[in-house]
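Structure first, then comments.
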Amino acid sequence: MKLIVDKSGINRFLKWMQRTLAATSVLLLGWCLFVLADSWVFQKQESAQLNLLLAAHAEAVGTFPKAASGEVTGRWPPVMARGLIGRMDIPRLHLTAMVVEGTSSSALRRAIGHISGTSLPGVPGNIGISGHRDTFFRPLRHIRENDIITLTTLTGEHHYRVVSIRIVAPTDIEVLEQTTSEVLTLVTCYPFYFVGSAPDRFIVRAERVS
């Protein structure tokens, strides 16, 4: 005696699953392309905006007092339109990224973010900057001591030399404690290639140099 099994229902289910997975893949790919394009456009626009503001600042520089080092001390606001703070460059790593105020998901999707409550460039204290390990801060995996980091804002160019690299737990918030000298702390998740929510934090500490 032969057992006859109706496979039409199974085949319909498999076809439905195939189409659903294909549609989901297309949507996810589209979202990834949108995120990449959006961050690229944002970086270009904000970099152009900063360059325009720097040019305007250069024309007006004669009206601002200067510090003993020759650096402009002026009254320009450190946080500009749309939360723009400036640009960060690490030449050896070929890393260039715009810095905005805050570390919300939308901010870190388009740029690297100044950690609210920490100091700003040109002011004594600890400047905290955060970025995603799989986008703007991916090159940090190759950073070394003595690398130079430059923050360009309307108050001038601020240069920092890397003095330490640490891996800490997410609860070790003392890395952002205030200091009497000008220091810069970069924060990203670690390990860099971990799938999912990374368990640790990668901390780069740099000190201001002339």
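Highlighted here are the strands (runs of 3 or more DSSP E) found entirely within the stretch 146-210 that include at least 1 residues which are modelled with pLDDT under 95 and on the phi > 0 side of the Ramachandran plot: 156-168. When the residues of the stretch 2-61 are filtered to those that are hydroxyl-bearing (S, T, Y) and surrounded by fewer than 11 Cβ atoms within 10 Å (Cβ to Cβ), the one that is modelled with the lowest pLDDT is S8.
Residue selection: P91 fails the criterion of being touching a residue at least 40 places away in the same chain (Cβ under 8 Å), within 15 Å of V204 (Cα to Cα) and over 10 Å from the mean Cα position of the chain (by Cα). Filtering the stretch 143-161 to residues that are surrounded by 12 or more Cβ atoms within 10 Å (Cβ to Cβ) and more than 30 Å from A55 (Cβ to Cβ) leaves I143, E145.
I'd like the full set of residues that are surrounded by fewer than 17 Cβ atoms within 10 Å (Cβ to Cβ) and more than 19 Å from I173 (Cβ to Cβ), limited to the stretch 108-131. Selection gives R109, V123, P124. Scanning the stretch 156-193 for residues that are of a type in the set (F, W, Y), over 18 Å from D89 (Cα atoms) and touching a residue at least 40 places away in the same chain (Cβ under 8 Å) gives Y190, F192.
Taking into account only those residues within the stretch 100-145 that are assigned to a loop (DSSP other than H, G, I, E, B) and of a type in the set (A, V, I, L, M), which is modelled with the lowest pLDDT? Going through the qualifying residues, I end up with V123. Restricted to the stretch 166-210, and to residues there that are of a type in the set (S, T, Y) and farther than 11 Å from N126 by Cβ, the residue that is surrounded by the fewest Cβ atoms within 10 Å (Cβ to Cβ) is S210.
Taking first residues from the stretch 97-115 that are farther than 9 Å from I85 by Cα and in contact (Cβ under 8 Å) with a residue 40 or more places away in the chain and partners that are of a type in the set (A, V, I, L, M) and in a loop (DSSP other than H, G, I, E, B), the Cβ contacts under 8 Å between residues at least 6 apart in sequence or on separate chains come to A97/A111.
The values are calculated or read from the model by the stated rules, or taken from the named source; none is laboratory data. Predicted model only: the values in this text are computed from it and were never measured. So basically every Cβ, Gly included, is an ideal-geometry build from the backbone, and we count neighbours across all protein chains shown.
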